[in-house]
1. Among the β-branched types (Val, Ile, Thr) and in contact (Cβ under 8 Å) with a residue 24 or more places away in the chain, is that true of Ile82?
2. Could we say that Arg56 is in a helix (DSSP H, G or I), surrounded by fewer than 19 Cβ atoms within 10 Å (Cβ to Cβ) and basic (Lys, Arg) here?
3. Given the criterion at pLDDT below 95 and either small (Gly, Ala, Ser) or closer than 21 Å to Gly156 by Cα (or both), identify the matching residue among Ala119, Ala104, Ala54.
4. I need the full set of residues from the stretch 26-53 which are outside any strand (DSSP E or B) and among the β-branched types (Val, Ile, Thr), in order please.
5. Please work out which residue is modelled with the highest pLDDT, limiting yourself to the stretch 125-142 and to residues that are under 20 Å from Leu195 (Cβ atoms), surrounded by fewer than 20 Cβ atoms within 10 Å (Cβ to Cβ) and not hydrophobic (A, V, I, L, M, F, W, C).
6. With respect to Ile13, is the statement that it is crowded, with 16+ Cβ neighbours inside 10 Å, modelled with pLDDT under 85, touching a strand residue (DSSP E or B) at 6+ places or on another chain (Cβ under 9 Å) and closer than 23 Å to Ala158 by Cα true?
7. Can you tell me which residue among Tyr185, Tyr227 is touching a residue at least 24 places away in the same chain (Cβ under 8 Å), buried (at least 21 other Cβ atoms within 10 Å of the Cβ), touching a strand residue (DSSP E or B) at 6+ places or on another chain (Cβ under 9 Å) and more than 29 Å from Val103 (Cβ to Cβ)?
8. If I go through the stretch 41-50 residue by residue, how many of them are of a type outside the set (Ser, Thr, Tyr), over 18 Å from His93 (Cα atoms) and crowded, with 18+ Cβ neighbours inside 10 Å?
Amino acid sequence: MFLKKIGLSVLLILPSLILSGCSWIKGRSFYADLTCQLPCWQNIVSGVTTEEEALRILRNSASIDQQSLSTTGSAWLIFDDIIRFRSAPKNWHGEAYILDQKVAKINFWGNLNLKFGDAIKVNGEPKFVINIPTYRGPPGSPALGYSLIVIDPDRGIAYEFNTADLPELQRGELRPDTPIRLMTYFDPDKYDEFLEAKLFSMGFLGREGTLEYLVPWTGFGSIKSKYPPAPVQ
């Protein structure tokens with residue numbers, strides 16, 4: 001227990017998540033194992049690291065479940081290939097999207113144990129937010145939710161959550177303790193291509209539509225008043 005407490009003292013964020021045993025491992029922040037300055041992750045840099053280099057890094061990483069590591073071997077949208085992997089504790093998943101033989105975008109989703117306030121402390125304030133209405137739930141009775149996607153196009157960082165993942169009383173407000181469900185690092189030089197591919201609008205809006213409904217970041221507060229939803233079908 002003493003050694004675990006020593007290890008936990010180096011966590012960058014989320015000190016409230018200090019637990020013990022397996023629950024401690026699964027409760028670690030996604031930012032606990034940073035090895036380079038964001039938006040670099042595990043020495044993988046979007047727009048710089050090649051597919052071959054990324055695979056080598058992942059194969060040699062103790063934080064990755066090696067049995068989960070694979071490539072699709074086929075194109076998807078504008079990408080040539082996708083590397084798929086999962087964390088060793090199996091609490092989050094990752095996908096590295098390959099374009100022109102390099103990692104162009106990398107997504108992480110699942111139980112990241114990461115909150116909006118934590119991300120802003122590490123990354124600084126984002127530039128824009130887009131709010132995309134979504135429907136979840138069983139067929140015939142889907143529930144309306146809102147996916148808030150926060151973007152810093154200059155640094156190549158985006159992250160998001162869906163209000164349907166929150167307790168009902170918290171769905172109307174973006175707060176520092178709002179959990180992040182998807183973290184993305186991308187090549188800033190490919191931002192326009194990603195807009196055209198509808199990657200920052202849940203597949204609803206192209207470049208012009210996304211830019212039209214991007215709202216400048218104005219901090220935490222009422223989602224309805226600060227970040228009204230884009231009118232998507």
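1. Spelling it out, it is not the case that Ile82 is among the β-branched types (Val, Ile, Thr) and in contact (Cβ under 8 Å) with a residue 24 or more places away in the chain.
2. Here the answer is yes, as Arg56 does meet what is asked.
3. Ala119
4. Thr35, Val45, Val48, Thr49
5. Going residue by residue through the stretch 125-142, those that are under 20 Å from Leu195 (Cβ atoms) are 126-134.
Right, trim to surrounded by fewer than 20 Cβ atoms within 10 Å (Cβ to Cβ) and you get 127-128, 133-134.
This time we only want the ones that are not hydrophobic (A, V, I, L, M, F, W, C), so: 127, 133-134.
Working: Lys127: 97, Pro133: 92, Thr134: 85.
The qualifying residue modelled with the highest pLDDT is Lys127.
6. yes
7. Details: Tyr185 fails: more than 29 Å from Val103 (Cβ to Cβ).
Answer to the selection: Tyr227.
8. Of the residues in the stretch 41-50, 1 are of a type outside the set (Ser, Thr, Tyr), over 18 Å from His93 (Cα atoms) and crowded, with 18+ Cβ neighbours inside 10 Å.
The values are calculated or read from the model by the stated rules, or taken from the named source; none is laboratory data. All of these numbers come straight from a predicted model, not from anything done at the bench. Because the Cβ atoms are built from the backbone with ideal geometry, glycine has one as well, and the counts that use them run over all protein chains shown.
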